[in-house]
1. So what are the three principal axis dimensions of the range 78-224 from its Cα atoms, in whole Å, longest to shortest?
2. Sorted from largest down, give the three principal axis spans of the alpha carbons of the range 163-289, whole angstrom values.
3. Of the options V250, M84, V312, report the single residue whose Cα projects farthest towards the positive end of the charge dipole of the range 68-325 (beta-carbon charges: Lys, Arg +1; Asp, Glu -1).
4. Calculate one ³J(HN,Hα) per residue across the range 281-287 by plugging θ = phi - 60° into the Karplus curve 6.51 cos²θ - 1.76 cosθ + 1.60, and present them in order as whole Hz with x for glycine and proline.
5. Kindly write out, for the range 100-107 in residue order, the coupling ³J(HN,Hα) from the Karplus curve 6.51 cos²θ - 1.76 cosθ + 1.60 (θ = phi - 60°), rounded to whole Hz, with x marking Gly and Pro.
6. Can you give me the Kirkwood hydrodynamic radius for the range 218-289, using every pair of distinct Cα atoms, in Å to one decimal?
7. Who wins for biggest fluctuation among P282, P91, P198 in a Gaussian network model of the chain, springs between alpha carbons below 10 Å?
8. Can you list the HN-Hα couplings for the range 233-244, worked out from phi with the Karplus curve (6.51, -1.76, 1.60; θ = phi - 60°), rounded to whole Hz and with x for Gly and Pro?
Amino acid sequence: MAGAEPRAPRFPWPALALLALAGLATLAVSVAVGSVAMSPGQLWGALTGGGSGLHHDLIFTLRGPRALSAFATGGLLALAGGLMQVLLRNPLADPYVLGLSGGAAVGALGAMLAGAGTALVSGSAFAGALVSTLLVFGLAHGVGGWTPTRLLLTGVVVAAGWGAVVTFLLTLGPAERLPGMLYWLMGDLTYAGNPGLPWAVLVVVCLLTVPAGRSLNVLARGPLQAAALGVSVKPLEALVYVLASLLTAVAVTTAGSVGFVGLVVPHLLRLVLGNDQRVILPACVLGGGALLTLADTLARTLMAPQQLPVGVITALLGVPCFLYLLYRSR
């Protein structure tokens with residue numbers, strides 16, 4: 001029937017439970033693997049208050065906060081990607097399509113050039129993402145409001161402008177600071193710090209978006225059908241845009257410009273689970289978190305003591321899996 005919402009997957013709860021178990025497994029592996037390896041018994045002992053002081057410090061001071069930051073960042077990016085694809089009704093939309101990462105990169109690199117500390121770099125990145133959001137939204141808003149096409153084109157142009165500014169800043173940067181600046185651009189969780197903010201934002205946005213899954217299912221079919229079925233299109237679109245921008249800004253502030261997660265994870269899950277947003281959105285949080293946590297673990301252990309950019313690992317993991325599922329879905 002025309003206008004009917006997409007059929008929900010037949011067994012969504014086992015799939016979500018499997019993704020949750022995968023997320024817990026990647027977190028456990030992340031805190032257990034490193035220069036000082038821990039057995040499952042040692043890991044459990046440290047988590048329950050026993051074990052050695054070294055294992056306790058490794059879990060609660062070094063590896064644990066980084067693993068939690070990686071999981072939250074992956075969930076933020078994947079959820080933002082799922083929302084952007086619904087908002088723009090474009091399967092190629094991702095969290096960075098509106099130039100948010102470019103604005104954050106300009107803010108962070110400017111702070112790095114000024115010799116600012118980690119906290120100020122993160123704050124500058126958030127401010128840059130916020131400026132980019134306001135700029136894109138302001139430029140795309142015409143007489144009749146903004147449309148997905150106008151918003152997408154404005155975002156692409158603004159992103160290109162930010163890219164030119166980033167190149168200019170890299171050219172001005174002293175040689176001793178270029179490695180850190182480049183690693184930030186490719187994604188780096190070394191200085192992720194306290195995972196409280198990304199987790200708080202992730203939980204709040206999930207509580208706002210998952211109950212709106214039915215309305216998002218209808219919105220994905222087009223604004224006219226959504227309005228005909230009683231959905232308040234403009235307020236819902238504005239809410240989705242603001243939430244996706246907030247998710248991306250916090251993710252970029254936490255881990256730098258980690259690409260690929262927000263584009264591929266929603267695609268993979270739709271190929272497997274269908275297109276019901278009530279299932280896809282929580283699945284994006286779990287799948288994106290598990291992917292980035294695993295990628296960060298590999299990034300810091302594959303060539304230890306040297307660390308790889310986590311964005312490179314996410315691409316190497318996601319591309320073959322995505323191509324395989326795409327081939328199977330023909």
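1. In descending order, the Cα extents are 54, 34, 23 Å.
2. If we take the Cα atoms of the range 163-289, the spans are 58, 28, 27 Å.
3. Selected residue: M84.
4. 5, x, 5, 4, 4, 5, x
5. 5, 5, x, x, 5, 5, 4, x
6. On the way: mean 1/r = 0.0725 Å⁻¹.
Roughly 13.8 Å, rounded to one decimal.
7. Looking only at P282, P91, P198, the largest GNM fluctuation is found for P91.
8. Per residue, the Karplus-derived 3J(HN,Hα) values read 5, 4, x, 5, 5, 5, 5, 5, 5, 5, 5, 5 Hz.
Coordinate-derived values only; no laboratory data. Remember, it's a predicted structure, so these values are computed and weren't measured experimentally. With ideal geometry, Cβ positions are generated from the backbone for all residues, glycine too; neighbour counts draw on all protein chains shown.
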